[in-house]
Amino acid sequence: MKILVLCSGGDAPGMNKFVWSLYKKFKKETFYAYSGFSGLVKGQIFPLRNIVERKSKNCAGIVIKSSRCPEFKEEKFFKLGLANAKKFDVVVILGGNGSEKGAKALFENGVNTIFVPATIDNDVEESSYSIGFDTAVKEGIYAIKNTMPSIYSMNNSCLFEVMGRKHDAICQEVAKAVQADYVICNKESLDYEKIKDVILKKLVRSDSACVVVRENIVEVEKIAEKLNLMLGADIVKTQVVGRTQRGGEPTARELKLAKCFAKETVRLIKTKVFGVRILMNDKDETIVKEFI
């Protein structure tokens, strides 16, 4: 049996654990598409044994590389990828919502696919967890806890922008863990008057406000600039947590759940169950559902 694995979209801590676990079971039968759907379209497909290493299995990032490939939606590029995918008995795809759509499209055109949610945004429909989320939250907490003492020392307040694209899961979890004074998770919660009041109440007590902001709402620097104008002082600072949330060392839970996803993938391959998504429920148990 020839097995192809690819990662599409952004990388996520725990992906390497999944890929290693899959390789360990099938060895020479496993191949990878370099940089996801892009490699599938270009025919950049190689034996997994050429690149996978035991020492990288618990590291962040992804050894087989990942990228966004919007052209895969175009018919001529999709047909190229489809032709290459049909050379394999099963194609395992890790990624977010866009990758899931790609996996479904391939399946509907005759390719045996299995989709695994792997995105720090944790926004795959019907799955309570996706590979990378726990580590992304951990890194957001780390950044804030190691910055706020300095913010406090300078009698400032700080806006921390965390990742999440259009989903607020990371933002909410990080804010809860650090007991943030205010959370901007969508445009409706961007209330400048309320935020100003929170900062002033902290200021009069010689304290500092911690505000957690989800990316892709308004540039965090612009939010700070407006608040400073309203306050009449340059006391609101900013920090973009950014890609450290992708590159943090995977948590123990992350590695455990990535292995769970891999174990279920192996079972499905051996029993020849394809055209499915491997999801996870609130009890950290994998569940298998067909594409919707």
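The values are calculated or read from the model by the stated rules, or taken from the named source; none is laboratory data. From a predicted model like this one, the values you see are computed outputs, not experimental measurements. Don't worry about glycine lacking a Cβ; one is built from the backbone with ideal geometry, like all the others, and counts go over all protein chains shown. Quick note on the areas: whole protein, heavy atoms, side chains included, nothing else; ligands and nucleic acids left out. Shrake-Rupley method; radii C 1.70, N 1.55, O 1.52, S 1.80 Å.
Under 14 Å Cα to Cα from Lys272, which aspartates and glutamates show up? Leave out anything in the same chain fewer than 8 places away. List returned: Asp89, Glu264, Glu290. With respect to the cross-link table entries Lys25/Lys166; Lys2/Lys76; Lys2/Lys42; Lys17/Lys270; Lys138/Lys263; Lys145/Lys202, which display a Cα-Cα separation exceeding 29 Å? Distance filter (> 29 Å) returns Lys25/Lys166. Calculated from the structure, P(r) over Cα pairs in 10 Å bins from 0, in percent equals which of (1) 6, 25, 32, 23, 12, 2, 0; (2) 6, 26, 36, 25, 6, 0; (3) 7, 28, 28, 18, 12, 6, 1? Read-out taken from this structure: (3).
Here's how it looks for Lys237: its modeled amide H is under 5 Å from those of Ser157, Cys158, Leu159, which are all 5 or more places away or on a different chain. Using a 10 angstrom cutoff on alpha carbons, build the Gaussian network for the chain and name the most mobile of Asp89, Asp282, Asp168. In the Gaussian network model the winner is Asp282.
Ala83 sits among other residues whose Cβ lies under 14 Å from its own Cβ, and their net charge, with Lys and Arg +1 and Asp and Glu -1, is +4. If you take the Cα centroid of segment 239-256 and the Cα centroid of segment 13-52, the two points sit 22 Å apart.
Of the residues Phe160, Phe133, the one with the largest accessible area comes first in the ranking Phe133, Phe160, computed with a 1.4 Å probe on protein heavy atoms. I want the local charge near Thr135. Using Cβ-Cβ distances under 13 Å, sum +1 for each Lys or Arg and -1 for each Asp or Glu among the other residues. Once positives and negatives cancel, what remains is -1.
Across segment 65-71, computed HN-Hα scalar couplings (Karplus, 6.51 cos²θ - 1.76 cosθ + 1.60, θ = phi - 60°) run 6, 9, 6, 8, 9, x, 5 Hz from first to last residue, x flagging Gly and Pro. Largest accessible area first, the residues Glu125, Glu139 order themselves as Glu125, Glu139 under a 1.4 Å probe with ligands, DNA and RNA left out. The helix-only estimate of mean residue ellipticity at 222 nm for the chain, built from DSSP H runs of length n ≥ 4 each weighted as -39500 (n - 2.57), is -12000 deg cm²/dmol after division by the residue total. Per-residue Karplus couplings for segment 163-175, computed as 6.51 cos²θ - 1.76 cosθ + 1.60 with θ equal to phi - 60°, are listed in order as 6, x, 6, 10, 10, 9, 4, 4, 4, 5, 5, 5, 4 Hz, Gly and Pro entered as x.
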